[in-house]
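The structure appears right after this line, and notes come after that.
Taken together, the values in this text are just the output of simple stated rules run on the coordinates, not laboratory data. Predicted, not measured: the structure shown is a model, and the values here were computed from it. We place every Cβ from the backbone using ideal geometry, glycine too, and count neighbours over all the protein chains shown.
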């Protein structure tokens, strides 16, 4: 809200300034009084309403390519590839916006009250004095007896009868006021006055009101001077005596000497015709205002189509929902023909189909069955083969329209090859088969596009974790998520899983983003999932350039499937506006850090590189160094501090240790001793990426055991732990994938007896060893002690994983598992 208000004030202020400057510099001295009147009114209305329009933003200056660095998560919650935790709890600080809103409200009340008081005062005066006579236009005239100077308001004329005037002079003054009434000048003044109440802090409206009142006088003067002569009318103006104007909403015959002189000068120019060329200059000025307002708005980011797919210049045809949807369609619609069951030699034989079929996709997306290749059927009979062809043709004819292939931005015909292998159970009859449809079907498909056959997949700089972090730091949580917070909850826990398809062109740019699946908790509501998907489409294209896929040593376009999950928590006092502001500041901070002029490439911080940094002598030597150089402070020894510590640091291209941080702490003095020993390390052998030394984020786990205090030494008995990675080229995988992991947790988690039936999000970390075993299970975000213990039991009892790999070797990897417990 604050940001929208500031944007509105900025855009409306710019419009008021530009249009007023044009009036002062070009139109003010012209005799086109009516044109000036309506120009000023239109300028106020346009400046107030244009910021409320849906005028798209434009980018005037050429946009430079935004280089991005592969940054790492800075907290333990963000260490794993598949999840991050960002508990946002704003500091209790004085909200200056509330003070500004209060001041604005008081200003509106004050000026609105003053406006009403002035109107009521005038109405009371008119009732007290009564109507003396009527003008030819039936406007009532009220004598002020010197209490007010002569002026008009609405249909009333207030005439100062205390002055010595001839009948002719009195008639000219009343003619002047009659022009104000006939042309509804009071409406103009009321419009500006009401705008002044709403925008009381904007001094420009004072200038507009003054200019409009001056224009009103010029219009009335021109009418009277035309009838009585400019000389006599000018003499009447000079004769008038300055009176105080206590009612600022009226149109005064005489207000001040400066205006009187201006009116006299303008009457001398009444014979001049207004310059049409100057009035026509309004058109380019209006265009300038539109451009100025549009330039203040962010340029629109190319959105995806209804299928959440951006336009691309070249690419294969796509089945609605993607390749997985195509494979599922074939599995569900492939029905083995009845003739195959009838041609079996006995009822215990299987019916089998194996082969490939070509599907031709027309430029309008219509699929057509082409031919089959390598078709093998069982039983091998010509009638069965013919029936299989007919079944293939029927299945293709019932397909929905595809998104056609693109070449140079135009739809073209293409081919799709679908490989099928299906075998039925040994049913006694075809009717039994149709009843249960038990058959094993394997389907694969590929587009007949040469660019898809790559020899090396596209890679994001810094690895998959850096990619996820890059997206996540640009991701602004939609407002729909904050509506999920139940009343009284201290923390809003939100979990999202996103699966998407990216098209990476030969330059490494993301040219197409397609959301395949979104799942959220709590609720998994459609409107929330849609908002998450829409925000992902906005954030994903802001990734840095990828290393494109290679074919024959040359970069080519390719498609990449990414899948990740993120767990986020918000404090009970965190609003959508606060979270958005915090996220935008974080994104802008990251952006400014990444786009410093002439920043050398080695300033990028990687988390996984081709050749990782190495301590002189290896890991064993590093742990020996730490054991010998980390002192055990006396207060930590007295407190018998034991447990594990985890620290991160950056090995820069020169091999020096920088940016040391303790992620998991034990004791302040022991943490500080650990940091000092890490900072004093000798120079490492730096990490290398693409043959160049680069900065690499490194994580060191350490465990302090209890025998240090027993020895009475100042040296902690550190236990060397296995070198644990937080991101590797190939992350560990639960048998069957993420879905199987979720199913395992749901089936094995037993709610402890006697525990309160509470719901919430738990986050458990573990280490997947290079043998695939689960070790070092720890609850990072827990609930009750019983539930925490049950979570540790379930995770510890997991089956063997497929281990993570770095440089072709299995390694230990830190992994974080979010698990939501429903009450």
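Arranged from fewest to most other beta-carbon atoms within 10 Å of their beta carbon, 101, 815 become 101, 815. Taking every alpha-carbon pair under 8 Å whose residues sit at least 6 apart, the range 738-821 reaches a relative contact order of 37 percent.
Going from the residue with the fewest nearby Cβ atoms within 10 Å to the one with the most, 339, 504, 181 rank 339, 181, 504. Residue exposure proxy: 180, 223, ordered by other Cβ atoms within 10 angstrom of their Cβ from fewest to most, comes out as 223, 180.
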